[in-house]
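> Structure incoming, see below.
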Amino acid sequence: MEDRVRVVIAEDSVLLREGLTRLLTDRGHDVVAGVGDGNALVKTVGELADQNALPDVVVADVRMPPTHTDEGVRAAVLLRKLYPGVGVLVLSQYVEERYATELLAGSSRGVGYLLKDRVAEVREFVDAVVRVAQGGTALDPEVVAQLLGRSRKQDVLAGLTPREREVLGLMAEGRTNNAIAKQLVVSDGAVEKHVSNIFLKLGLSPSDGDHRRVLAVLTYLNS
């Protein structure tokens, strides 16, 4: 059982919203509210804040009423500014690079961007919700591949070896060094060396703390 977290879900499809609620409650988590649009999401979290009962994480669809364009991600970005301690995990039908970049442009704590197809992988989805609630990062592998694969980033990527790029992609997905070692079938020590090299080449010092993993991705996005 994962550590219990409090969740607010923002999804205009009642069927999907109820499905997400069931997935999380079946794992022992508390879904404290469910809403169908971005304005209701911001209002609900504000009301919970007034009650000193902020959720640990918000799970929000990128596109919601009334225009079904970017209401969800705009609400998510606003909530990250208003309540930095609340994790935000957005769900999208497909990779929307502009929205992913906007979401990642602020603090590196407690942020996630997953494709909706990932919800079908129940264990991975619930793990992502918990990870973001605890201040970690959860980026869909396809999001990582697209963001790191943009041609205008090639000059930055040129300094990394192919293996270091592979490790960086797995880091950005939120995997621990141990999980990366298992994925690549190498030793933990080998992964630690690759990670250190990545930080060194990207100019990320130990003073940047545990969030160097996310800062490594942000270095590409902001260069």
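> Taking only pairs six or more apart or across chains, which ones have beta-carbon atoms under 8 Å, a first residue in segment 25-41 that is over 13 Å from VAL58 (Cβ atoms), and a second residue that is open to solvent by 50 Å² or more (accessible area, probe 1.4 Å) and of a type in the set (A, V, I, L, M, F, W, C)?
ARG27/MET1; GLY28/MET1; GLY36/VAL14
> Which members of segment 54-67 meet the condition of being farther than 18 Å from VAL132 by Cβ and in contact (Cβ under 8 Å) with a residue 24 or more places away in the chain?
Those that are farther than 18 Å from VAL132 by Cβ and in contact (Cβ under 8 Å) with a residue 24 or more places away in the chain: ARG63, MET64, PRO65, PRO66.
> Do you know which of the residues in segment 3-18 that are within 18 Å of the chain's Cα centre (by Cα) and closer than 16 Å to ALA76 by Cβ is surrounded by the fewest Cβ atoms within 10 Å (Cβ to Cβ)?
VAL8
> Still on this structure: Take the residues in segment 77-87 that are part of a helix (DSSP H, G or I) and at pLDDT 90 or above; name whichever of them is surrounded by the most Cβ atoms within 10 Å (Cβ to Cβ).
LEU79
> Another question about this same structure. Tally the residues that are under 24 Å from ARG22 (Cα atoms) and open to solvent by 60 Å² or more (accessible area, probe 1.4 Å), restricting the search to segment 64-73.
Going through segment 64-73 one residue at a time, the tally reaches 0.
> Can I ask one more? Residue check, ARG4 against (1) in contact (Cβ under 8 Å) with a residue 40 or more places away in the chain; (2) touching an Asp or Glu at 6+ places or on another chain (Cβ under 8 Å), all met but one. Which one?
Against the list (1) in contact (Cβ under 8 Å) with a residue 40 or more places away in the chain; (2) touching an Asp or Glu at 6+ places or on another chain (Cβ under 8 Å), ARG4 comes up short only on (1).
> Next question. What tally of residues in segment 1-10 results from selecting those that are among the charged types (D, E, K, R) and at pLDDT 95 or above?
1
> So which residues in segment 89-115 are surrounded by fewer than 18 Cβ atoms within 10 Å (Cβ to Cβ), modelled with pLDDT of 80 or more and not hydrophobic (A, V, I, L, M, F, W, C)?
Of everything in segment 89-115, just one residue is surrounded by fewer than 18 Cβ atoms within 10 Å (Cβ to Cβ), modelled with pLDDT of 80 or more and not hydrophobic (A, V, I, L, M, F, W, C), namely GLN93.
> May I pose another question? Which count do you get for residues in segment 1-45 that are small (Gly, Ala, Ser) and assigned to a loop (DSSP other than H, G, I, E, B)?
Residues flagged as small (Gly, Ala, Ser) and assigned to a loop (DSSP other than H, G, I, E, B) within segment 1-45 amount to 3.
> Across segment 19-63, what is the number of residues that are among the aliphatic types (A, V, I, L, M), open to solvent by less than 30 Å² (accessible area, probe 1.4 Å) and closer than 21 Å to ARG118 by Cβ?
Of the residues in segment 19-63, 8 are among the aliphatic types (A, V, I, L, M), open to solvent by less than 30 Å² (accessible area, probe 1.4 Å) and closer than 21 Å to ARG118 by Cβ.
The values are calculated or read from the model by the stated rules, or taken from the named source; none is laboratory data. Since the structure is predicted, the reported quantities are computational estimates derived from the model, not experimental observations. For neighbour counting, all protein chains shown are included, and Cβ atoms are generated from backbone atoms with ideal geometry for every residue, glycine included. Protein only, heavy atoms only, side chains kept; ligands, DNA and RNA dropped before computing areas. Shrake-Rupley method; radii C 1.70, N 1.55, O 1.52, S 1.80 Å.
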